[in-house]
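Have a look at the structure below, then the notes.
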Amino acid sequence: MAFRPCIGIEVHAELDTESKMFCRCRAEFGAEPNSRCCPVCLGLPGSLPVPNKKAVEYVIRTGLALSCQVAERCRFARKNYFYPDLPKNFQISQYEEPLTYGGHIDLEVNGQPKHIRIRRAHLEEDTGKNIHLPDGRSLVDYNRCGIPLMEIVTEPDFTSGVECREYLTELRSILRYLGVSTANMEEGVMRAEPTVNLIDESSGEATPKVEIKNLNSIRSVHDAVEYEIQRQRRCLQTGEQMYQETRLWNEEQHITATMRRKESADDYMYFPEPDLVPLAPEPEWVASIQASMPELPAAVRCRLIEEHGLPEYDAEVITADREIASYYEQTVGAGAAPKAASNWLMSEIMGYLNEQDMPISDLQVSPKDLAKLLALIGKDAISGKIAKDVFAEMAQSGEPADQIVAERGLEQISDEDRLAELIEEAIANNPGAVEDFKSGKAKAIGALVGYIMGQTRGQANPQLVNQLLREKLGQM
Ligand code: ZN
Ligand code: MN
């Protein structure tokens, strides 16, 4: 029997709006608990919801980016359930009439094209947050309750954890390029829940569907899906009983474990929300949203490869973040060599941003400044090693590279007379290394070069030192 993995993903993303979905409370992360609430988002009797137009626009924008149809008319629905973080006892969501539906996304997975169908992208509201204390008490913070939430559901078109990872990476970039969500999984702004089972296409036989929760990074989605595929295969072989259930990913143990079994399909008693009129986005409005779409990551990626000859890998890393992609293009626009700029961006700059935990928009080094620094390296005015120190200084002080180099006297030493003196000195002070080199240990020259670099605090031109040193040793 040939069982094939069959995986669908449901993503929830909080929309980056000023106010909540159905009231004017600020949609703000990290505020004093229960300080961003009102009768509407607390579900007090008699309060009435008013939809947030920006949130509707954001879902339409996302739907269009995923090639979805935008409904001419759709309704909100009540999804009924009791949970302490949702005081109304129902969530306003969309059921039979989603705002956008029937789209797709084209990915590239290990060099192969992969087409994923998008079933729907609809609008709903987030719940509050339960906080369970070690002493057994539970607290609830309603600040998150009512924040606009977009739900994006795929058809079960994935067959591996790698495909899931590529999809989520691409989707996250798209949401960021569109400016509709920060899409940060670590902060819970974007949440992904894959549903995994195995199907034998010839017999139609299938394992029960397992939904996985508690995934707070793209990597854990990949790992959990791969684990679950293997677990179900193992159960098929050993005949172990499988259940339709929700399983939690345990990051430490690297396994999924049963959270709750589903005896039957959940029945949320959906019905149309009686407090809201249907939504009917005007075609002119939808057209204007379509017209104002930014260039999406896939298009920017293609352009970087075609215009600047960047390797696929570089283009992917750089376009994952729209700000970084734009910083890159400005650096090249300021005259930097495309590959040198991408190398610097991917290593020095991204490393620095990670270390400082800050976005590139806060970086004190402008694209023009970076282009100038790269020009100094290009014409051998400073060494690559010194350039890293200069960059650190630029990021600290915001001063341009040439000024730092001039002020601190960091220019590379390429003067042959000065280098000849240093070579004399190195030879006189390292007789052991000289002996080793003469007796055929070519690597011993490293100690001499190291000595000179040390004496000049890295300012000697290493290629020139190497060349002159070889000449000198050859004459000895
Ligand atoms: Zn409110
Ligand atoms: Mn939902």
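A single entry from 123, 99 fulfils the requirement of being under 17 Å from residue 275 (Cα atoms), in the same structural domain as residue 25 (by TED's automatic domain parsing), in contact with a helix residue (DSSP H, G or I) (Cβ under 8 Å, 6 or more places away or on another chain) and modelled with pLDDT of 95 or more: 123. Could you look through the stretch 45-97, keep only residues that are of a type in the set (Gly, Ala, Ser) and assigned to a loop (DSSP other than H, G, I, E, B), and pick out the one that is farthest from residue 155 (Cα to Cα)? Across the stretch 45-97, the extreme among qualifying residues is 46. Scanning the stretch 448-461 for residues that are surrounded by fewer than 17 Cβ atoms within 10 Å (Cβ to Cβ) and part of a helix (DSSP H, G or I) yields 450, 454, 455. Of all residues in the stretch 60-89, those that are aromatic (Phe, Trp, Tyr) and within 16 Å of ligand 1 (Cβ to nearest atom) total 0.
Can you find a residue that is β-branched (Val, Ile, Thr), closer than 26 Å to residue 186 by Cα and within 15 Å of ligand 2 (Cβ to nearest atom) anywhere in the stretch 15-29? No: zero hits. No other residue among 155, 186, 170 is within 27 Å of residue 226 (Cα to Cα), away from ligand 2 (no atom under 16 Å from the Cβ), in the same structural domain as residue 83 (by TED's automatic domain parsing) and touching a Leu at 6+ places or on another chain (Cβ under 8 Å) apart from 170.
Among the strands (runs of 3 or more DSSP E) confined to the stretch 120-234, the ones with at least 2 residues that are farther than 25 Å from residue 109 by Cα are located at 129-132, 138-141, 148-154. Can you go through 426, 433, 395, 444 and tell me which one is buried (at least 16 other Cβ atoms within 10 Å of the Cβ), in a helix (DSSP H, G or I) and assigned by TED's automatic domain parsing to the domain that holds residue 367? Exactly one of 426, 433, 395, 444 is buried (at least 16 other Cβ atoms within 10 Å of the Cβ), in a helix (DSSP H, G or I) and assigned by TED's automatic domain parsing to the domain that holds residue 367, namely 395.
Could you go through the stretch 47-59 and let me know if any residue there is over 25 Å from residue 284 (Cα atoms) and within 11 Å of ligand 1 (Cβ to nearest atom). So far as the stretch 47-59 goes, yes, one or more of its residues are over 25 Å from residue 284 (Cα atoms) and within 11 Å of ligand 1 (Cβ to nearest atom). Quick check on this structure: which one of 109, 56 is away from ligand 2 (no atom under 16 Å from the Cβ) and modelled with pLDDT under 95? The unique qualifying residue is 109. The residue that is farthest from the chain's Cα centre (by Cα), among those in the stretch 327-356 that are surrounded by fewer than 16 Cβ atoms within 10 Å (Cβ to Cβ) and within 11 Å of residue 310 (Cβ to Cβ), is 339. Considering the stretch 3-46, the residues that are within 16 Å of ligand 1 (Cβ to nearest atom) and charged (D, E, K, R) include one that is surrounded by the fewest Cβ atoms within 10 Å (Cβ to Cβ), namely 32.
The values are calculated or read from the model by the stated rules, or taken from the named source; none is laboratory data. Because the structure is a prediction, the values reported are computed rather than measured. Glycine also receives a Cβ, built like all others from the backbone with ideal geometry; neighbour counts cover every protein chain displayed.
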